[in-house]
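The values are calculated or read from the model by the stated rules, or taken from the named source; none is laboratory data. Everything numeric here is computed off the predicted structure, so don't read it as measured data. A quick note on method: Cβ atoms are made from the backbone with ideal geometry, for glycine too, and the neighbour counts reach across all protein chains shown.
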Amino acid sequence: MERKGFWRRRFLGLFVLTMLTALLCGMSVSAATKTVSMQKNDGVFIYEGQWSGTPTVYHKFKVKKSSFALVTGVKDGGYGVNVTLCNSKKKKLESKPQYVRYTGSESNSTYARYALTKGTYYIKTSGIGRYVILVAAAAKTNDVKITDQGGATRIRAKALSAGKRAYGIIGMGEKPGKSDWYRFTVTRSKVLNLGISAEGDGKVSFTLYGPSYSAGIKIGDLKDDEAAKKTVQTRYGAVVGDLKVKPGTYYIKVNRAAGYMKKSYSAVYSVVWK
């Protein structure tokens with residue numbers, strides 16, 4: 001997550017091998033019911049089948065830990081597939097399908113990206129002909145587990161040690177106003193250095209509170225990006241001074257940014273201070 005496109009590069013080789021194997025060898029018979037279970041192969045959930053008499057199929061998979069998932073697929077003729085993520089009750093978690101298409105190359109392929117908390121999910125598809133669906137879900141980034149570490153409220157904020165990056169998740173289907181809170185203590189007056197990052201289809205907002213900023217100050221809104229923050233800026237990006245803080249306890253609030261306050265937007269993120 002520290003590098004833009006990290007997840008796509010991480011799974012590209014695995015997608016190539018698994019997709020080619022499925023298309024050339026055929027892993028299963030045509031879907032005969034509306035619900036099928038995806039098989040896990042080398043860390044990737046896969047289903048190869050055919051829309052025949054059952055134009056709509058729910059593909060079941062389960063993540064045992066919070067994960068960042070990439071979904072792609074292809075059907076006869078090399079065409080793409082429309083996919084919709086659903087929860088354990090087959091209720092849609094996004095308002096409209098996403099078009100995905102796997103071509104064998106990263107630059108030309110398209111993916112649906114989801115930050116998922118532990119649980120059972122379904123990928124809903126419909127169409128005609130033979131197709132393959134792949135779901136690659138990773139529970140770690142940079143060898144660190146993706147966990148919902150932040151406290152649900154300011155009073156329950158998760159303590160952060162200086163220089164230690166925390167990784168969190170704003171998961172698909174979670175309440176639009178869901179926030180994660182972190183806290184740390186500054187022992188002397190200084191210029192604060194903050195590092196933040198986010199990856200997913202949702203924009204993530206980071207806000208700092210504390211003795212020097214009791215009303216709160218926006219650190220940044222990020223989508224598929226990372227940033228180092230040590231200056232105070234206007235909403236238009238103009239620097240107005242250093243991010244100076246006096247001794248005391250400070251809090252960082254992480255939540256969906258304005259314009260992305262829907263359950264269908266998700267992301268994984270990180271934050272660090274020193």
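Take ASN82 and tell me if it is in contact with a Pro (Cβ under 6 Å, 6 or more places away or on another chain), surrounded by fewer than 21 Cβ atoms within 10 Å (Cβ to Cβ) and assigned by TED's automatic domain parsing to the domain that holds GLY119. Before the answer, list the steps.
Details: in contact with a Pro (Cβ under 6 Å, 6 or more places away or on another chain): yes; surrounded by fewer than 21 Cβ atoms within 10 Å (Cβ to Cβ): yes; assigned by TED's automatic domain parsing to the domain that holds GLY119: yes.
Yes: the conditions hold for ASN82.
Can you name every residue in the range 109-130 that is touching a helix residue (DSSP H, G or I) at 6+ places or on another chain (Cβ under 7 Å) and at negative phi?
Of the range 109-130, the ones touching a helix residue (DSSP H, G or I) at 6+ places or on another chain (Cβ under 7 Å) are 111, 129-130.
Within the range 109-130, TYR111, ARG130 meet the criteria.
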Next on the checklist: Kindly evaluate THR125 against the criterion of being surrounded by fewer than 15 Cβ atoms within 10 Å (Cβ to Cβ) and either at pLDDT below 95 or assigned by TED's automatic domain parsing to the domain that holds ASP42 (or both).
Outcome noted: no
Checklist outcome for this item: Contact list, first residue from the range 119-139 and more than 21 Å from LYS92 (Cβ to Cβ), second anywhere and in a strand (DSSP E or B) and of a type in the set (A, V, I, L, M), beta-carbon distance below 6 Å, six or more apart or interchain, is VAL132/VAL74; ALA136/VAL44; ALA136/LEU70
Checklist entry - Can LYS34 be described as exposed (fewer than 14 other Cβ atoms within 10 Å of the Cβ) and in the same structural domain as ILE133 (by TED's automatic domain parsing)? => result yes
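The rows are residues; the columns are (1) among the hydrophobic types (A, V, I, L, M, F, W, C); (2) in the same structural domain as TYR250 (by TED's automatic domain parsing); (3) buried (at least 18 other Cβ atoms within 10 Å of the Cβ).
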site	(1), (2), (3)
VAL100	yes, no, yes
SER109	no, no, yes
ARG113	no, no, yes
THR120	no, no, no
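Conditions (1) of a type in the set (D, E, K, R); (2) more than 29 Å from LYS90 (Cβ to Cβ); (3) in contact with a helix residue (DSSP H, G or I) (Cβ under 6 Å, 6 or more places away or on another chain), marked per residue:
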| site | (1), (2), (3) |
| --- | --- |
| TRP181 | no, yes, yes |
| SER189 | no, yes, no |
| ASN193 | no, yes, no |
| GLU199 | yes, no, no |
| GLY216 | no, yes, no |
| ILE219 | no, yes, no |
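It is to be established whether one or more residues within the range 163-184 are outside any strand (DSSP E or B) and over 26 Å from the mean Cα position of the chain (by Cα).
Looking only at the range 163-184, we keep the residues that are outside any strand (DSSP E or B), and these are 163-165, 171-178.
Now narrow it down to the ones that are over 26 Å from the mean Cα position of the chain (by Cα): none.
Looking for residues that are outside any strand (DSSP E or B) and over 26 Å from the mean Cα position of the chain (by Cα), one finds none in the range 163-184, hence no.
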Next on the checklist: Among the residues of the range 169-185, are any at pLDDT 95 or above and surrounded by fewer than 16 Cβ atoms within 10 Å (Cβ to Cβ)?
Outcome noted: yes
Next on the checklist: Just checking, does the range 234-242 include any residue being among the hydrophobic types (A, V, I, L, M, F, W, C) and either surrounded by 14 or more Cβ atoms within 10 Å (Cβ to Cβ) or touching a His at 6+ places or on another chain (Cβ under 9 Å) (or both)?
Outcome noted: no
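Which one of GLY163, GLY210 is surrounded by fewer than 17 Cβ atoms within 10 Å (Cβ to Cβ), at positive phi and in contact (Cβ under 8 Å) with a residue 12 or more places away in the chain?
On the way: GLY210 fails: surrounded by fewer than 17 Cβ atoms within 10 Å (Cβ to Cβ).
GLY163 is the lone residue from the list that is surrounded by fewer than 17 Cβ atoms within 10 Å (Cβ to Cβ), at positive phi and in contact (Cβ under 8 Å) with a residue 12 or more places away in the chain.
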